Amino acid sequence: MAKKLGFCWYLVFILLIVSAGIYLWGYIRVKSFERRMKERETEIVQKTQIILNEKTKEFLKITALPLVWAVRKDMMRGNFDEINEYMERLVQEKGFKEILLVDTTGTIVLSTDKKMQGQKFGDYYPVEFLQANDVVITTDSVNIRAVAPVMGLNSRLGTLVITYGLEKIEVK
C-alpha cells in the first residue's frame, strides 16, 4: 500500500511538473507573439507615416500651383485684398497653419499671421527659400512647407510660402 501511495505522489509530482512546463511554454509563446505583433504594429505605423507624409507633400505641391496662379494674376493687378482673402480662406482648412506672400526685397507683404506682415522674411525662415525657381517642399519635425515663386511675365513678383502641419499617426 505504501508503494502505491508513493507511486501516486510521484505521479502527481510528475503531472504538476509537466503542467507547469506546458503553462510556462504557453506563456513564453504568447509573450513572444505579443512582442512580434507590437514590433509589426510599430513597423506598419512607421511605413504608414512615411506614405502619409509623401502624399501630403504631393497634395501641398498641387495645391500651391493654382494658388500661385491666382496670386500672380492679382499681384499684377495690384489686388492684394483679394490675395489676402484667398490666404485667409485657405488657412481655415484643416492642417494649414500659415501662408505668406513675400516680395522680391524679402519683406513679408501678406501673412495669415498679421504680426509677420511688414517684417523681413529672413527673421523667420531661411532666405534661401526666396531663391526657389520651382515649387520646393521642405519638411521639419512638425511642418511641411511649400515654397513657390510667383512669376510675372518677365520677372519674379514674389514668393508664396505655405506651412502645413504634419499629421502624426497614433495607435489607440
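Here the condition is being at pLDDT below 95, among the β-branched types (V, I, T) and surrounded by fewer than 12 Cβ atoms within 10 Å (Cβ to Cβ); of T105, T112, it holds for T105 alone.
Counting only residues that are within 14 Å of T163 (Cα to Cα) and not acidic (D, E), the stretch 46-61 holds 6 of them.
Scanning the stretch 53-80 for residues that are free of Cβ contacts under 8 Å to residues at least 24 places away in the same chain and assigned to a helix (DSSP H, G or I) gives E54, K55, E58, F59, I62, P66, W69, A70, K73, D74, R77.
In the stretch 86-118, how many residues are under 26 Å from K57 (Cβ atoms) and in a helix (DSSP H, G or I)? Residues in the stretch 86-118 being under 26 Å from K57 (Cβ atoms) and in a helix (DSSP H, G or I): 7 in total. In the set (1) under 28 Å from the mean Cα position of the chain (by Cα); (2) outside any helix (DSSP H, G or I), I83 fails one condition alone, (2).
Screening E128 on (1) of a type outside the set (S, T, N, Q); (2) in a helix (DSSP H, G or I); (3) touching a Leu at 6+ places or on another chain (Cβ under 8 Å) shows it passes everything except condition (3).
Of the residues making up the stretch 31-52, just one is of a type in the set (D, E, K, R) and touching a residue at least 60 places away in the same chain (Cβ under 8 Å), namely E41.
Okay, residues lined up against (1) farther than 24 Å from S155 by Cα; (2) surrounded by fewer than 17 Cβ atoms within 10 Å (Cβ to Cβ):
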| position | (1), (2) |
| --- | --- |
| T56 | yes, no |
| T63 | no, no |
| N79 | no, yes |
| E93 | yes, yes |
| L100 | no, no |
| Q131 | no, yes |
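For the stretch 95-122, the set of residues classified as touching a strand residue (DSSP E or B) at 6+ places or on another chain (Cβ under 9 Å), without any contact (Cβ under 8 Å) to a residue 60 or more places away in the chain and among the charged types (D, E, K, R) consists of D103, D113, K120, listed by residue number.
Looking at the structure I just gave you, is S155 at pLDDT below 90 and either out of contact with any strand residue (DSSP E or B) (no Cβ under 8 Å at 6 or more places or on another chain) or more than 30 Å from T42 (Cβ to Cβ) (or both)? In short, yes.
The values are calculated or read from the model by the stated rules, or taken from the named source; none is laboratory data. The model shown is predicted, which means the values in this text are computed figures rather than measured ones. Heads up, the Cβs are rebuilt from the backbone with ideal geometry, glycines too, and the neighbour counts pull from every protein chain shown.
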